[in-house]
Structures are given as structure tokens and as C-alpha cells.
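Since the structure comes first, as C-alpha cells, the remarks are kept for the end.
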Amino acid sequence: MNMPITPQKPAKKLSLKDNYNLLTRGLGWETSYQDMDKVFAQDKFEGIKIHDWDKWEDPFRLTMDAYWKYQGEKEKKLYAIVDAFQQNNGQFNVTDARYINTLKLFLTGVSPLEYQAHRGFAMVGRNFRGTSARIAAQMQAIDELRHAQTQAHTISHYNKFFSGLHDPTHMFDRVWYLSVPKSYFEDAMSAGPFEFITAISFSFEYVLTNLLFMPFMSGAAYNGDMATVTFGFSAQSDESRHMTLGLEVVKFILEQDPDNVPIVQKWLDKWFWRGYRLLTLVSMMMDYMLPKKVMSWAEAWEMYFEQNGGALFNDLARYGIRMPKYHEVASKEKHRLSHEAWATFYNFSHAAAFHTWVPEESEMKWLAEKYPTTFDSLYRPRFEHWREQQQKGERFSNGTLPMLCQVCQVPMFFTEPDDPTKICFRETTYRDEKFHFCSDGCKDIFGNEPEKYVQAWLPVHQIYQGNCFRPGTDPTAPGFEPLAEVLQYYGFHVGEDGGEYLGSLDARNWTQWTGKPAVAE
Amino acid sequence: MSVIALKPGYTGEMKDRVENFHGKQLLYIGWEDHLMYCAPMCIPIEGSTPFGALIQSVIPSLYPAHPDTAKIDWNTVEWFRSGERFTPDPQQTLIANGLGHKANLRFRTPGLTGLKGSCS
């Protein structure tokens, strides 16, 4: 059909605001064949009341067409740099091969969370009835998928040279310490859409993400890992969009109805504590795993939570929101968290997919300076004893599985808020069964929703139930070794991926290929 | 409310019921002031085990590498069940001593405070 020729001038280009409205709100409609409550069946059961979805403001006013353009440009730059990194054998420019263990932790513990976030935001995007909120969630879902991919692509180059990087998704679903990030995210995804977005967009992306991304990316830069720095930069503009979205989400929910305030406060309490427990892994990465340290965990906590987080919650006070419960416990723990965590991985290094080691004397000096009230008195004797044992050929390891917290799933190594020499035990009885927790924070979370957490897949208990063997395994066969079989089930290359760093395959290869010592001087 | 769920009356599967442990139960054991072994242990054990077996063989086998293990004087050890001080009967079973599935048992060894007194 021929288009009619009109003598008029072409219509003026739409303003950015009109364009945004047409490409977001303009895409939605009120359903008539089906009740809206049936179409959006999940956005009321949590008790959150939304009166006017049009009050949702996307601070970036980003539409899908612009989104693809920006992201495409970033991809081109990233992959050009990754190519150059590979062609120049950039993997040998890091401080020493101990550094690679931070990448192992990142690829197995953090990158799968990016993928989980992709899934979570896709679900939220389906379940909100406000169109702009759905589109913001859709974009974040695509961002998260991109992050999972760029991280896998970048780090896959290291997989050609170092152990423990060969199958992060398989490990994520099985390995004992990876159940900590996995259960964290599954807790959020199995909640309703409002709790999910409060947990991930606000409590994690807005409040705590600086304590995850900053240490890994600055740590990479300090230690010569340009590949990781590059995917960090490529994700950074997305992260700032996610953070801003997180703050908008919480303000929007709080402004919609006063009844929302106590619900949101409860979520902030819960997700602050769950996120903080997850960051335990980052604390030991900063203080022990980076050969060149950026700052101590205690300094990072002071800067990014106590100061920045404190200012944020002051700002939210006008909505009736206070600081998350037990933030003062986190501050009390800041001088011991990383030491307790690293000692735990040293105990169970034979069952991990990354290496551990005793810090060098120069590092112990740094630790003593950063932690003057705790390191020399409480932790140095442990490390010195382990070093002596190792020199005698009796490298310490713990042959028994640890007790785990029912909620955060971290081994119960945390100590009493006011006594760093006493393990913190909390317990409760529910439906005639005992449950144990590492803290009041985790106990409260269980107490609010016990029916959820009685279902926790605790790795230690699962091993004892016989659920962590490969199909066809006969645990009654003569000479059956449960631990060896569990490591096979995890997909580890036993004897290569974990254990002591000194003398490991990674350490030996490093020296052979680079001519540099396994531990940089 | 015991869970915020789409369906009213939702309940969860109790994942760690004692029946799932092939005739055993779980027992958690922690040694006070000795954090070189970083966290309390979790072991599967028959509830009919006499408490004395813990002292004789089970507990020493959990801490083989600690220099204090050989120095423990079992006559002076203080026992705690879920944090409460108690006096176990070594002849009686774990269950008769009030240590059922997922019981939390801690012990303190007076005079022994870990590597260089650091509670390690």
C-alpha cells in the first residue's frame, strides 16, 4: 500500500520525558479478560500496600533502545582489553600465585550470585504491576546476566593456567562454603517480590556493595590483575544504576503507606545481617588473601558502613526507619572477623577449591598494626604454631566436619560480641527439634519465619545423610572414604584445587613459568 | 505467623529429622578456650553410646593435633549441655544424659587455655 503523501513537516522529536513515558508506562495496560489481581498474584501477600504505581520514578529514565546502545559499546571495549590481556600473558603480571585464590573465591562465590540476581530480577519484573518498575527490573536482570558472562569470560583465561577455576556452577550448587552465598540468594528469591528487591537492590546493592566490589576491584588493581579491573569498570556504571534504583525502591515503598514502614524495617534488619555474614568471606580476602593489601577489613567497615551507612540511615530517619538491628555487633566483630574466617579455611583447606597459607612475617606485622587489640594476643600464636607444624612436615588440618549456623550456614566460629575467646552459641526449639545459630541476628531471622529455615540444606548434615556422593556410590563398600567421595561429588581436582599453597601445583607452576618465587618478597 | 507465604497454612519439610541419619543422631561438641580447632564439631553417633565412650575415644580423636589434648585431666573437666553446667553419668547413654538429636555439648578443661594462653 502506498503511503499517503502529506505536505506537513515531520513531527518534532519527542522530549526525553515523553519518550521515556511512552516506552515505559505507555507499554502497560489494565487487563480486562482477567482480574489484575490474578495476573499479578504475588505483589500483595507480603503486606506491602501500593496506592499509586505512577509515583515510581526511575532516576535514570533509561529506555531499552538506549540501554542496548550503551551496553553494546561497553562490551566492545571490555573484550578488546581482555583480548590484549590474553595475548600479552597478563596472568603472569599479578603479584604472585596466591592472588589467584581471590579469583577462585570470586568466580565460585560471587559470579554465580550475578546469575542468581539475573533470575531474581526477571521474576520481580514479572510480578510487579507497575510498568516502570517492571522495566527497571528487566534492565537489571539483563545487566546481571551480562556481569555473570563477562566475569566468566575474563576469568576463564586464568583457568588455562591455574587450578580450581574449572566448574564454578557445579561447585556453587554443592560445596559447603558456597552454600553461604547460595542460601543467601535463595532466601531472597523465595520471598515475595518486595522483599527480594529490598534485600538485593537496597540492603545489598546500596548499603553493602561497596564492601564487595571495592575490595575485589582495588585488590585486583593493586596486584596487577588488569583483566579483573576491566570487568569491574565495565560493570561499574550498571552498579551505580542499581544502587540508585535500590534507594528509590525503598523510598517509594515507604512513601506509599505508613503500614509499609515496619515491614520494611524488619527486612532491613534481616538483610543487613544476612549480607554482613556473607561479607565474612570478603573480610578474609582483604586481610589474608591479597598479597598486596588495599586496606584492612576494619578500615573498610568503618569507612563504608559506619560512616557512609550511618549517614544513609540518618537520611531515612524521616520515614521512621532506624539503623539495622545488630549493626553494633558488626562493629564489635570488625577486629576479629577476618582472622576467625581465615583460620577456619586453614582448618578445612583440604576440602576447599582454593589454597590457604600462614601469613608471612611481614604480613603478620601489618596485621598487628591494623589490629593492635587482637592480632598478637589472640591470633598470632595460632599462626606461628601452624607454621612450626608445617616446617616439621605436619601441616595442620581439621578432620571433623564443623557445626553450622542454621541460617547463614557459616561454621560456628563467630565469638561472643563482648568476648573474642568464647564461641557465640544461640539455640531454640521448634516443632520439638533443636536449632542452632551463630548470633542473635541469625536467631531472630529464624524466629520470624521458622517454617522457611527448617528446610535449610546444611552441607554438613547433608553429607551425614549420605546425599553428597555421586550417583551409584556405595557407602557400605569396603574401604569407602566419605570425604574423598564428597570432594569428587563437589567436582574438585583433588590434590590440586585446595590444600596448602606452599608446594601446590599452582605455586610450582608459577615459579617454573615466571622464574619468580611462589611468595613475592 | 511462622512464614510469609502465598498459600495460607504453608509448612516446610524438616530437613534434618533424626530419621534421616541412618540410625544415628547428631551431636555437637565444643572445647572451650581452644579455638585452633576453629568451631564446634558435628558428629553422627548412636544415641545409645555410653557417655564414657566420648571421654575414652571420641573426643580425643577429634582433637589429635592440639598440644593440650594429651594434657586433659578428665576428672576435672566441666561439662555444659546447651550452655548449662551438668554432671554426666559415664555409664549411661547419651540419651539418658539428656543428649538427644542435635544436642550441644561443651567442655572446659580448667588450667588449659590453648596455645600460649591465647585460647587457640
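Taking the condition under 22 Å from A:E75 (Cβ atoms), open to solvent by less than 10 Å² (accessible area, probe 1.4 Å) and among the polar types (S, T, N, Q), does A:T280 pass?
Values: under 22 Å from A:E75 (Cβ atoms): no; open to solvent by less than 10 Å² (accessible area, probe 1.4 Å): yes; among the polar types (S, T, N, Q): yes.
Spelling it out, it is not the case that A:T280 is under 22 Å from A:E75 (Cβ atoms), open to solvent by less than 10 Å² (accessible area, probe 1.4 Å) and among the polar types (S, T, N, Q).
Would you confirm, using the coordinates I've provided, whether A:Y276 is of a type in the set (S, T, Y), assigned to a helix (DSSP H, G or I) and at pLDDT below 95?
Details: of a type in the set (S, T, Y): yes; assigned to a helix (DSSP H, G or I): yes; at pLDDT below 95: no.
Answer is no for this residue.
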| In the range A:266-297, what residues are of a type in the set (S, T, Y) and more than 13 Å from the chain's Cα centre (by Cα)? | A:Y288, A:S296
| Does the range A:325-344 contain at least one residue that is over 27 Å from A:K292 (Cβ atoms) and assigned to a loop (DSSP other than H, G, I, E, B)? | yes
| task | Identify the residue in the range B:107-120 that is in contact with a strand residue (DSSP E or B) (Cβ under 7 Å, 6 or more places away or on another chain) and buried (at least 19 other Cβ atoms within 10 Å of the Cβ) and, among all such residues, is nearest to the other protein chains (Cβ to nearest Cβ). | result | B:C119
| field | Among (1) under 36 Å from the mean Cα position of the chain (by Cα); (2) at pLDDT below 85; (3) more than 30 Å from A:P59 (Cβ to Cβ) - the single one A:I5 does not satisfy | value | (1)
| field | Residue tally, condition free of Cβ contacts under 8 Å to residues at least 60 places away in the same chain and farther than 14 Å from A:N127 by Cα, over the range A:36-62 | value | 1
| request: Select from the range A:419-440 the residues that are more than 10 Å from chain B (Cβ to nearest Cβ) and open to solvent by 30 Å² or more (accessible area, probe 1.4 Å) and write down the one among them that is nearest to A:P459 (Cα to Cα). | output: A:T428
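Looking at the range A:259-273, which of the residues that are in contact (Cβ under 8 Å) with a residue 40 or more places away in the chain and open to solvent by 10 Å² or more (accessible area, probe 1.4 Å) is nearest to A:S201 (Cα to Cα)?
Looking only at the range A:259-273, we keep the residues that are in contact (Cβ under 8 Å) with a residue 40 or more places away in the chain, and these are A:259-261, A:263-273.
Imposing the further condition that a residue be open to solvent by 10 Å² or more (accessible area, probe 1.4 Å) reduces the set to A:259, A:261, A:263, A:265-267, A:269-270.
Details: A:D259: 21, A:V261: 17, A:I263: 16, A:Q265: 15, A:K266: 16, A:W267: 12, A:D269: 15, A:K270: 14 Å.
Per the criteria, the residue is A:W267.
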| field | Cross-chain or 6+ apart pairs with Cβ under 9 Å, the range A:441-453 first and more than 9 Å from every other protein chain (Cβ to nearest Cβ), then part of a helix (DSSP H, G or I) and among the aliphatic types (A, V, I, L, M) | value | A:G441/A:V329; A:G441/A:A330
| field | Which listed residue, of A:F492, A:F469, is open to solvent by less than 50 Å² (accessible area, probe 1.4 Å) and either in a strand (DSSP E or B) or within 14 Å of chain B (Cβ to nearest Cβ) (or both) | value | A:F469
| message | For the condition open to solvent by 50 Å² or more (accessible area, probe 1.4 Å) and either acidic (D, E) or away from chain B (no Cβ under 14 Å) (or both), what is the one hit in A:K38, A:K74, A:K69? | response | A:K69
| field | Single condition A:G309 does not satisfy, out of (1) at pLDDT 95 or above; (2) in contact with a helix residue (DSSP H, G or I) (Cβ under 9 Å, 6 or more places away or on another chain); (3) part of a helix (DSSP H, G or I) | value | (1)
| note | (1) more than 14 Å from chain B (Cβ to nearest Cβ); (2) in a loop (DSSP other than H, G, I, E, B); (3) surrounded by fewer than 16 Cβ atoms within 10 Å (Cβ to Cβ); (4) not β-branched (V, I, T) all hold for A:L62 apart from (3)
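Considering only residues that are under 14 Å from A:M217 (Cβ atoms) and not aromatic (F, W, Y), which ones fall in the range A:95-104? Please lay out each step first, then the result.
Let us first name the residues in the range A:95-104 that are under 14 Å from A:M217 (Cβ atoms), namely A:99, A:102-103.
Across the range A:95-104, the qualifying residues are A:T102, A:L103.
Just to confirm my filter: which strands (runs of 3 or more DSSP E) fall fully inside the range B:1-101 and include at least 3 residues that are surrounded by fewer than 20 Cβ atoms within 10 Å (Cβ to Cβ) and at the interface with chain A (Cβ under 7 Å from one of its Cβ atoms)?
Numbers: elements: B:25-31, B:41-45, B:78-81, B:84-86.
Once the strands (runs of 3 or more DSSP E) in the range B:1-101 are filtered for at least 3 residues that are surrounded by fewer than 20 Cβ atoms within 10 Å (Cβ to Cβ) and at the interface with chain A (Cβ under 7 Å from one of its Cβ atoms), nothing remains.
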| query | Just to be sure, is A:A317 outside any loop (DSSP other than H, G, I, E, B) and modelled with pLDDT of 95 or more? | reply | yes
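Rundown of residues vs (1) in contact (Cβ under 8 Å) with a residue 60 or more places away in the chain; (2) more than 10 Å from chain B (Cβ to nearest Cβ), yes/no style:
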site	(1), (2)
A:P372	no, yes
A:Q391	no, yes
A:L401	yes, no
A:P417	yes, yes
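The values are calculated or read from the model by the stated rules, or taken from the named source; none is laboratory data. No experiment lies behind these values; they were computed from the predicted model shown. Cβ: placed from backbone, ideal geometry, glycine included. Neighbour counts: every protein chain shown. Quick note on the areas: whole protein, heavy atoms, side chains included, nothing else; ligands and nucleic acids left out. Shrake-Rupley method; radii C 1.70, N 1.55, O 1.52, S 1.80 Å.
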